[in-house]
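Inspection log for the structure reproduced underneath, given as C-alpha cells.
The values are calculated or read from the model by the stated rules, or taken from the named source; none is laboratory data. Bear in mind the structure is a predicted one, so any value in this text is a computation, not a measurement. Neighbour counts run over all protein chains shown; Cβ positions are idealised from the backbone, glycine included. Just the protein is used for accessible areas: all its heavy atoms, side chains included, with ligands, DNA and RNA removed. Shrake-Rupley method; radii C 1.70, N 1.55, O 1.52, S 1.80 Å.
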Amino acid sequence: MKFEISAEKREAQGTGASRRLRRVGKVPGIVYGGAEGAVNIQLDHKALFQNLRNEKFHASILTLNLNGGAQQVLLRAVNMHPFKLQVQHVDFQRVSKDKKIHMKVPLHFVNADKSPGVKEQGGIASHVLNELDISCFPDDLPEFIEVDLSNLTVGHSLHVREVALPKGVELAIHKSENPVVATVVIPSLITEEEEAAAAAAAVAPADVPTTEQAAAPKEGEGAPAEGEKGDKGDKGKGGASAEKPAAADKGEKKEKK
C-alpha cells in the first residue's frame, strides 16, 4: 500500500513556535538522512493522525511531497501528548533504493486455532514478540511478516530463526540470538481458580467457630448441675442474709456471760 503525505517547510523554531503550530492544527516535524541536510517541516494534524492509525503506515516507504518535490521517506519517531490524542512531533528519514534499511516490522499470527496444542490439547497461543527487526532494501520492505502456528504443540515454542521471511529480507539480530516468537501453553489461571474453589468447598461453614458459640466441653466434663448453679447464686445474693444469724448468735453468748 502506498502512502503520500504533504508537508511544508517550517521557518520558525523553538518551543513557543511549535506550540503555536499545534494550536492551529499543525504538527512540527523534521526530515533527515541521505545526501541532503535536515529540514524542519510542518504537517496537517488531522491527515497525519488518520495515517498513524493504520499499521501499514509505520512499516512502509512513504512519499513525502515537500514544496513541489517528492521524497521517499520512512517514519522513524512519533511523539504523542501524555494524555491527549495529539501528535506533538514527527520524524522522517530519507531512504535510497541502493542502501539497505533497518526496520521493525509487525508480525501477523495465523492458524493458531488449527495447531495441535490449541485444537487437541486445550492450550492457548502466547505471542512473545509482536514485531521483528529486519534489514532489506527499500523495495523489499514488507508491510508485515506472517507467522504460521499450525504445527505448535503444548510446551513447544517457535523461534525467530524458524520464521519464514519474505524474499530479500534478513534478520537484524546477532548470530547467537534466537528469541522465542510464540508458544502454546495450558492456561494456569483456570487451574488455580479450580483449586481455590475446591479448598473453599472443603471447609464447611459449621466447622468454623464464632465468638458467640460456646466452646464444646472436654471429655469427662458435663454441663454444671442445677445445684451447682444455685450455690454460686447463694454466694452472691444470699451471702449477706446467711451471715446475719451468725452475728445474732454472738450477741446471745455475750448476754449469757
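Can you give the accessible area per residue of the range 75-168, in Å², using a 1.4 Å probe? Walk me through the numbers on the way to the answer.
On the way: 5530 Å² over 94 residues.
Per-residue accessible area for the range 75-168 comes out at 59 Å².
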### Message
For a quick check: with amide H placed at 1.01 Å from N, whose amide H comes under 5 Å from I101's, ignoring anything fewer than 5 positions away on the same chain?
### Response
C136, F137
### Values of log10 I(q)/I(0), in the order q = 0.11, 0.15, 0.16 Å⁻¹, for the range 70-198 under a Debye, Cα-only, solvent-free model
-0.57, -0.86, -0.91
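Counting Lys and Arg as +1 and Asp and Glu as -1, what is the net charge of the other residues whose Cβ lies under 14 Å from the Cβ of E36? All intermediate terms of the calculation are to be shown ahead of the outcome.
Working: positive: K9, R94; negative: none.
My count for the surroundings of E36 gives +2.
Quick one: ranking D91, D148 by accessible area, 1.4 Å probe, largest first, what do you get? Mind showing how you got there, number by number?
Values: D91 35, D148 85 Å².
Ranking D91, D148 by accessible area, largest first, yields D148, D91.
Given a 1.4 Å probe and every protein chain left where it sits, what share in percent of the accessible area of the range 47-190 is carbon and sulfur? Kindly include the intermediate steps, with their values, before the conclusion.
Working: 4090 of 8210 Å².
Reported share for carbon and sulfur atoms: 50 percent.
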### Message
Using amide H atoms built in the peptide plane, which far-off residues or other-chain residues are under 5 Å from V154 H to H?
### Response
G117
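For the range 1-89, what class follows from the C-alpha gyration tensor (a ≥ b ≥ c being the square roots of its eigenvalues): rounded when a/c is under 1.5, otherwise prolate if a/b is larger than b/c, else oblate? Numbers along the way, then the final one.
On the way: a/c = 1.78, a/b = 1.14, b/c = 1.56.
It comes out oblate by the Cα gyration axes.
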### Message
Just to verify a number: what accessible area does D98 come out at with the full protein assembly present, 1.4 Å probe, Å² rounded to tens?
### Response
120
### Query
If ligands, DNA and RNA are left out, what is the accessible area of T15 with a 1.4 Å probe, given in Å² to the nearest 10?
100
### Task
For N54 and F3, calculate 0.36 nm times their separation in residues minus their Cα-Cα distance, and state this gained length in nm to one decimal.
17.3 nm
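Set the Förster distance to 30 Å, then compute FRET efficiency between H89 and D140 from the Cβ-Cβ distance, nearest 0.05. Write out the running numbers ahead of the final one.
Working: r = 29 Å, r/R0 = 0.98.
So, using R0 = 30 Å, E works out to roughly 0.55.
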### Residue-level accessible surface for K114, protein heavy atoms, 1.4 Å, Å²
130
#### Entry: Solvent-accessible ranking of M1, M103, largest area first, probe 1.4 Å
M1, M103
### Task
Hey, could you get me the Stokes-Einstein D for the range 1-150, Kirkwood radius over alpha-carbon pairs, 37 °C and 0.692 mPa s, rounded to whole µm² s⁻¹?
188
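Sort F137, F57 from largest to smallest accessible area, using a 1.4 Å probe on the heavy atoms of the protein chains. Walk me through the numbers before you get to the answer.
Working: F137 75, F57 0 Å².
I get F137, F57, largest accessible area first.
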